[in-house]
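Quick note: the coordinates plus some simple rules give every number you see, no bench work behind them. Every value quoted in this text rests on a predicted model; they were computed, and no experiment measured them. Ideal geometry is used to build each Cβ from the backbone, glycine not excepted, and the neighbour counts take in all protein chains shown.
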Amino acid sequence: MTHTIALAGKGGVGKTTVTGILINYLAAKKKGPILAVDADANSNLNEVLGMEVETTLGSIREEMARAALDPNSPIPPGMPKQDYAEMKFAEALIEGDDFDLLVMGRTQGEGCYCYVNGLLSTQVSRYSGNYRYVVVDNEAGMEHISRGILPRVDTVILVSDSSRRGIQACARIFELVKELKLNPKQIKLLVNRAPGGVISEGVMEEIRKSGMDLLAVLPQDEDIYEFDGEGRPTSQLPEDNAFRKALCAALDKLDFDL
């Protein structure tokens, strides 16, 4: 069995940092093998995790499109195009010591991401059975779940900043999860970047009105900005960092059992 964890929320709320620390949290508890999936076209989960990415599904898609028009195609003579594509897609899986990473990436120029979304769905379905946990950093919103890109979701973590707009964005995703009858085992709200780790009564009232289950309020943290500015992986914040301690304490409350 595989436990799928999806994180979602509007852009700029620290969702990817939360995702990175969650992955490290599971790895530290020997919950592996773990597949991390960066399902955001504007991908940067690898930077949070401290991993180099040379190939994404989007870049392979572009390479295949160019190869079809190139008289000097990189596809070896006699090799079916589909076999070459499968070989390249296998290269997109980045293997690490504690977890592996699959990055959707973006296509070049304008256009729909439907094709790359389809590739992501196929690859996640192919690999997920090999892992105990699949952790997905979604783009802003819940498009990947609404389009059925994830085969199922066991845990949904909604991440917001400490603004009413952030809470309202999560509330819309919360309602979408119910409308789609995804029936996750648990769906929780994390409020991030709260000054002093405290949210206003108005924001708390917005949470109560939404019906979402507040898991924790995470403090605004200067170390995160310093790590980011220095190009250091924010998932590697020290164990005694206030943000990391608060997030790990919150994760301890969740049921990640298979």
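Output the 0 to 90 degree angle, nearest 10, between the alpha-carbon long axis of helix 242-251 and the longest principal axis computed from the alpha carbons of the chain.
It is inclined by approximately 80 degrees.
Quote the charge dipole size of the stretch 3-251 about the Cα centre in Debye, to the nearest 20; the model charges only the Cβ of Lys and Arg (+1) and of Asp and Glu (-1).
Dipole magnitude for the stretch 3-251 comes out near 1120 debye.
Test of understanding: in a Gaussian network model of the chain with alpha carbons linked when under 10 Å, which of Lys15, Lys245, Lys178 would top the mean-square fluctuation ranking?
So, out of Lys15, Lys245, Lys178, the one fluctuating most is Lys178.
Can you list the aspartates and glutamates whose alpha carbon sits under 16 Å from that of Lys88, skipping same-chain ones fewer than 8 residues off?
Answer for Lys88, where 16 Å is the Cα cut-off: Glu54, Glu62, Glu63, listed by chain and number.
Pull up the cross-link candidates among the aspartates and glutamates for Lys188, meaning alpha carbon to alpha carbon under 12 Å and not fewer than 8 places away within one chain.
Asp154, Asp213, Asp255
Per residue of the chain, what 222 nm ellipticity follows from adding -39500 (n - 2.57) for every DSSP H run with n ≥ 4, rounded to the nearest 500?
So the calculated ellipticity at 222 nm is -12000 deg cm²/dmol.
Could you work out the relative contact order of the chain, using alpha carbon pairs under 8 angstrom and six or more residues apart, expressed as a whole percent?
Relative contact order here is 29 percent.
Could you state the angle between the C-alpha long axis of helix 15-28 and the longest principal axis of the C-alpha atoms of the chain, as a value from 0 to 90 degrees rounded to the nearest 10?
That works out to roughly 90 degrees.
Mind checking which lysines have their C-alpha under 25 Å from Lys185, skipping anything on the same chain fewer than 8 residues away?
In chain and number order, the partners are Lys10, Lys15, Lys29, Lys30, Lys31, Lys209, Lys245, Lys253.
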